[in-house]
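Participant: Pasting in a structure now, in structure tokens, and then I'll have a few things to ask.
Each reported figure results from applying straightforward, stated rules to the coordinates on display, with no laboratory input. None of these values were measured; they are calculated from a predicted model. Glycine also receives a Cβ, built like all others from the backbone with ideal geometry; neighbour counts cover every protein chain displayed.
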Amino acid sequence: MTTTRTFDKAPAGLPLMVKAALPALPVIGGLPGIKHEKGGLPRTVLRRTQVVTDLAHLERYNDVCGFARAETVPATYPHIAAHTLHLTLMTDTAFPFPPMGAVHLRNRITQYRPIGREEVYDLTLRADADEPHPKGRLISLVSEARIGGEIVWDETMTVLFRSRTGGDETTAPPLAGVEAPEGPVSWTLGGDLGRRYGAVSGDRNPIHLYPVTAKAFGFPRQIAHGMWTKARSLAALQNRLPDAYTVDVEFKKPILLPGTVRFGASTDGDVTTFGVRDARQGVPHLVGRITPA
């Protein structure tokens, strides 16, 4: 049976970040109430009602991600409103995987119509589609935004949780075989980008903040957020986006900060393919595709 939990405001982020870290600690991580239970995905729907856009916050988001001011919110913006719902779901001990160390591999957003800056919407989130991966399990976290019962936006985050119960993927990734276009546009990214985006997104994962905190998780220095890279790419294409579209991305090699990357895009009919590559070596960081919805 599906259980619905309803929130009339965003859950507080800091306690959830602490809760996310506890299962990774020796001894403490094995205690009742902290250790995650084994088993299937919880049949829980998290619902946040009457989401109102803080216009000052939206301006800060636009500034960090490169969007020009508009009367509607960027397609990536409702993801920010859903962030602490994601943490709430993944830190519940009924969720079978501890969240620290999870890897956001893919992201699909469909904007069925633009959401106005002053429109009020409801958000729901559920976990779905537990599938094998050579390094563990792929879990889909599905969010939907509705206005007056009409679905106006949805997102599927595909997250890898490392596990011994992995295997070959049973379905082909949406962007299998798609290459990131080479591009002439350079972006120079400062070392503080992760902190700046973390401040507006609420995602203050240590891997994005400072060299010392990133090194604790195996990175030579801090890395850019994948959802910043997706948002910055859409901002670069803002004048070409239709009102209704689906944008798929696959996150490749992390972007080390500070650094310089190149953005490129190509169009074939009504499909736009885009990508972000390392400016020196050409290694892809992100590949994406936009199709009409």
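Participant: Is it possible to state the helix-based mean residue ellipticity at 222 nm for the chain, with each DSSP H run of 4+ residues giving -39500 (n - 2.57), the sum divided by total residues, to the nearest 500 deg cm²/dmol? What is it? Don't skip to the answer; put the middle values down first.
Facilitator: Numbers: 6 runs with 60 residues, N = 293.
Mean residue ellipticity at 222 nm (helix-derived): -6000 deg cm²/dmol.
Participant: For the range 236-293, run through the trypsin sites (Lys or Arg not before Pro) and keep only the ones in DSSP coil with at most 14 other Cβ atoms within 10 Å of their Cβ.
Facilitator: Loop-located and lightly packed - 280.
Participant: Please work out how much length the chain gains when fully extended from residue 2 to residue 176, using 0.36 nm per residue of separation minus the C-alpha to C-alpha distance, in nm with one decimal.
Facilitator: Numbers: separation 174, 0.36 × 174 = 62.64 nm, distance 3.33 nm.
So the chain would gain 59.3 nm between residue 2 and residue 176.
Participant: Something else: With charges set only on the Cβ (+1 for Lys and Arg, -1 for Asp and Glu), what does the dipole of the range 103-202 come to about its Cα centre, in debye to the nearest 20? Before the final figure, lay out each step's value.
Facilitator: Values: 12 positive and 15 negative charges, 81 e Å.
Once rounded to the nearest 20, the dipole reads 380 debye.
Participant: At most 13 other Cβ atoms within 10 Å and a DSSP loop assignment: could you name the GluC sites (Glu not before Pro) in the range 173-259 that fit? Please report the intermediate quantities before stating the final value.
Facilitator: Details: sites: 179, 182, 250; in loops: 179, 182.
Sites meeting the loop and neighbour criteria: 179, 182.
Participant: Taking loop as defined by DSSP and a crowding limit of 13 other beta carbons within 10 Å, which GluC sites (Glu not before Pro) in the range 57-142 fit? Don't jump to the answer; show the numbers that get you there.
Facilitator: Working: sites: 59, 71, 118, 119; in loops: 71, 118, 119.
When the GluC sites (Glu not before Pro) of the range 57-142 are filtered for loop state and at most 13 Cβ neighbours within 10 Å, 71, 118 remain.
Participant: Here's another thing I want to ask about it. Just to confirm my numbers, what's the Cα centroid distance between the range 132-166 and the range 26-44 in Å?
Facilitator: What the calculation gives is 20 Å, centre to centre.
Participant: Counting pairs of alpha carbon atoms under 8 Å apart in space and at least six apart in sequence, what relative contact order in percent does the chain give? Working shown, then result.
Facilitator: Working: 637 pairs, mean separation 52.0, N = 293.
Reported relative contact order: 18 percent.
Participant: Hey, if you put +1 on the Cβ of every Lys and Arg and -1 on every Asp and Glu Cβ in the range 1-112, which of 26, 88, 104 ends up farthest toward the positive end of that dipole?
Facilitator: Highest projection toward the positive end goes to 26.
Participant: Explain nothing, just the number: relative contact order of the range 1-171, from Cα pairs under 8 Å at least 6 residues apart, as a whole percent. If you can, show how the numbers build up before the last one.
Facilitator: On the way: 333 pairs, mean separation 41.3, N = 171.
Relative contact order for the range 1-171 comes out at 24 percent.
Participant: Take every Cα pair under 8 Å in the range 134-293 that's 6+ residues apart, average their separations, divide by the length, and report that relative contact order as a whole percent.
Facilitator: 23
Participant: Can you list the lysines whose alpha carbon sits under 26 Å from that of residue 215, skipping same-chain ones fewer than 8 residues off?
Facilitator: Hits, sequence-local ones excluded: 19, 35, 135, 230, 252, 253.
Participant: Let me ask something additional. Taking the Cα centre of the chain as origin, work out the dipole magnitude from +1 charges on Lys and Arg Cβ and -1 charges on Asp and Glu Cβ, in debye rounded to 20.
Facilitator: On the way: 34 positive and 29 negative charges, 215 e Å.
Using Cβ point charges on Lys, Arg, Asp and Glu, the chain gives about 1040 debye.
Participant: While we're here: For labels at residue 128 and residue 146 in the simple 7 Å Cα→Cβ model, what's the distance in nm?
Facilitator: Each label point lies 7 Å from its Cα, and together they span 1.3 nm.
Participant: With charges only on Cβ, +1 for K and R and -1 for D and E, what is the dipole size of the range 1-127 about its Cα centre, in debye, rounded to 20? Walk me through the numbers before you get to the answer.
Facilitator: Details: 15 positive and 10 negative charges, 97 e Å.
Around 460 debye, computed over the range 1-127.
Participant: Springs between alpha-carbon atoms under 10 Å, Gaussian network over the chain: tell me which of 22, 209, 89 tops the mean-square fluctuations.
Facilitator: 22
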